[in-house]
Structures are given as structure tokens and as C-alpha cells.
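K.L.:
First the structure, then my questions, so here it is.
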Amino acid sequence: MGDLQKMLTIVAEARRRLVRVGIVLAGIFGFTLFFELVPVDLRLAGLSVPLAYPWPSPFYNITAQVFRAMAAYLLPRGVVLLNVGIADSIVAQMEIGLLLALVVGMPWVVHEVAAFLMPALRANERALLRGVGIPATALFAVGFAAGLFVLTPFTYRLLFEYVAGMGLAPVLSVQSFVTFTLVYSLAFGVVFELPVFLYALTRLGVVRASAWKRHWRGAVLGAFVFGMIVTPDNSGITMTLIALPMIGLYLGGAYFAARWEARRGPSGRPPLAAAGG
């Protein structure tokens, strides 16, 4: 098989995988926009089990239900959300729908990506992918949850204290609320992947563990730059709230990378085996 034929085969396989991922995500996205979840209590052996069933509803849909829950939980009491642009509510629903589609469909996305990459990987790379897959997914989930349920409401309370201090009306546009909440929470999910990234590069032999320790000053600067880029406000408060845990996660990743390298040796083999071979 010639190089051109191999390339065409790879492109065709990638296209097939992308189409399958797109179909699943589009189905979930459409479901969130055109159905609502109607709560119902199911009686089983004298116990009430809360359940929900889907019902067609293009306006009060799942994304609208999620939006109302977000506003009730995240925003301080008394903050008023305004629909400033005529299509702000539609855009907000689509953003929430895209996020829900990615979250619900992520196992399928990971499966398709792994199935596409696995034949091209070496044995050590396949072992690494299997070893870090679950920790990486768990860390992203923990980071996203911490950002959404802990740091985002804390940030809103802190920022609206400044609003109250200036005697201004506590109002916020729908688009700003949804964009800030989703970007801020997703940023924490990405940040929590940093230890896995450092560990993987060291385990693959791309970066020595000592390099992470030497360049910690650059990592601190990079954390603040990343926080400045991903946060949509200019206060500096949100940037710092992202940068500080990012620095801690960087140091944690450097520690585990150094621990693995000390146990296995810089070449990836146990020190005794390397000395004897």
C-alpha cells in the first residue's frame, strides 16, 4: 500500500469517526432544545422515587430548566438578569445545549478518539493512555464541578459586593451570565488536567521531570496569562482565582512526574535493570 493510499485510508477513518461523533452530539443537542423534563414521583414499596420523563417543549426546554437552576444557585439574592439583545435568550439556550451535549456525549467522544488513535500507538503509549484515561476524566469532572458549584458562586458574590459598595443596581445580562459561567467552569476543568499532562510527557520521555522544577517561574507566569485569557472580565479577581489552583496543580504534577522518574529511571526502565543491561 502506497503512502497516498495510507493517507486516504486514515482520512476516511477519521471522517467516519467524526461523523459518528457528530450524529451523537447533534442528537443530544437537539433533545435538550426541544424537550423538557417533567418531574414525577414513582411509588415503589411505599417509597417515593423522584423521576422525570421527556415532553416536547421548544421554549421551556431542558436548557431553560438548567438556566433557571444555574441562576437560582449561582447568583446572589436580588440580582436581576436582563435580556439585553433580542436573541440573547436563544444564544444562551444554544450555549447550554452545546455544553450538555459535550458532557453527556463525552464517553462516546473518548471512545471514538481512542479507537482511532490506538492502532497507531506503541505498546507503552497504549499503556499510558489506558492508565491516565480514568484519572484525566475524573480530574476534569472534579475541576468542572468545583468551578461551577464552589468558585463561580463565590466569584459572583465577591464581584457583586463591589456593585453594592458603589450603590449600583445588581443587574446582569443573560448572555454575560451564561458565557462567564460556562467559560469559567470549563477553565477549571481544563486546569485540573495539568497534572496528567505533565506526568504523561515525563512518562513518554518528552520532558525530564527536573525541567518542570527548573521552569516553575515560567509556569507561574503562564498560569496568570492563562487566567487572563480564559476569563471574560477585566477585574483580575477571576484571573487570580484560576491561576492559584493552576500553580498548585502544576507543582503536584511535577512531583508525581519526578516520583515516577525516580522509580523508573530517566530512560523509562527500572534503575537496576538499566544498570545491568
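K.L.:
Excluding residue 117 itself, calculate the net charge of residues whose Cβ lies under 11 Å from the Cβ of residue 117, where each Lys or Arg counts +1 and each Asp or Glu counts -1.
P.N.:
-1
K.L.:
Another question, then. Please state the shape class of the range 15-82: rounded when a/c is under 1.5, otherwise prolate if a/b exceeds b/c and oblate if not, all from the C-alpha gyration tensor.
P.N.:
Here the range 15-82 falls in the oblate category.
K.L.:
Let me ask you something else. Projected onto the charge dipole of the chain (+1 at Lys/Arg Cβ, -1 at Asp/Glu Cβ, origin at the Cα centre), which of 148, 99, 127 gives the Cα projection farthest towards the positive end?
P.N.:
It is 127, whose Cα lies furthest towards the positive end.
K.L.:
Now for a separate question. Between rounded, prolate and oblate, where does the range 1-137 land on the alpha carbon gyration tensor, with a ≥ b ≥ c its root eigenvalues, rounded for a/c under 1.5, else prolate if a/b exceeds b/c?
P.N.:
Here the range 1-137 falls in the prolate category.
K.L.:
Using a/c under 1.5 as the rounded threshold, could you call the range 103-260 rounded, prolate or oblate? The axes a ≥ b ≥ c are square roots of the C-alpha gyration tensor eigenvalues, and prolate needs a/b larger than b/c, oblate otherwise.
P.N.:
Judged from the Cα gyration tensor, the range 103-260 comes out oblate (a/c at least 1.5, b/c at or above a/b).
K.L.:
Treating only the Cβ atoms of Lys and Arg (+1) and Asp and Glu (-1) as charged, compute the dipole magnitude of the range 1-144 about its Cα centre; round to the nearest 20 debye. Don't jump to the answer; show the numbers that get you there.
P.N.:
On the way: 11 positive and 8 negative charges, 76 e Å.
I would put it at about 360 debye.
K.L.:
Which ordering of 247, 134, 237, 96 is given by a fewest-first count of other beta-carbon atoms within 10 Å?
P.N.:
134, 237, 247, 96
K.L.:
May I ask for the net charge around residue 83, where only other residues with Cβ less than 15 Å from the Cβ of residue 83 are counted and Lys, Arg are +1 while Asp, Glu are -1?
P.N.:
The answer is -1.
K.L.:
Still on this structure, I have one more. Work through the residues other than residue 208 whose Cβ is under 14 Å from its Cβ and net out their charges, Lys, Arg +1 and Asp, Glu -1.
P.N.:
With Lys, Arg at +1 and Asp, Glu at -1, the neighbours total +4.
K.L.:
Order by neighbour count: 16, 122, fewest other Cβ atoms within 10 Å first, most last.
P.N.:
122, 16
K.L.:
When the helices in the chain are scored as -39500 (n - 2.57) per DSSP H run of 4 or longer and the sum is shared across all residues, what 222 nm value do you end up with, to the nearest 500 deg cm²/dmol?
P.N.:
Mean residue ellipticity, 222 nm, calculated: -24000 deg cm²/dmol.
K.L.:
Where the centre of each part is set by its Cα atoms, how far does the range 76-124 sit from the range 148-223, in angstrom?
P.N.:
Centre-to-centre (Cα) distance: 17 Å.
Here, each number is a calculation from the coordinates, and none is a lab measurement. All values reported here derive from a predicted model rather than from experimental measurement. Virtual Cβ from ideal backbone geometry, glycine too; neighbours counted across all protein chains shown.
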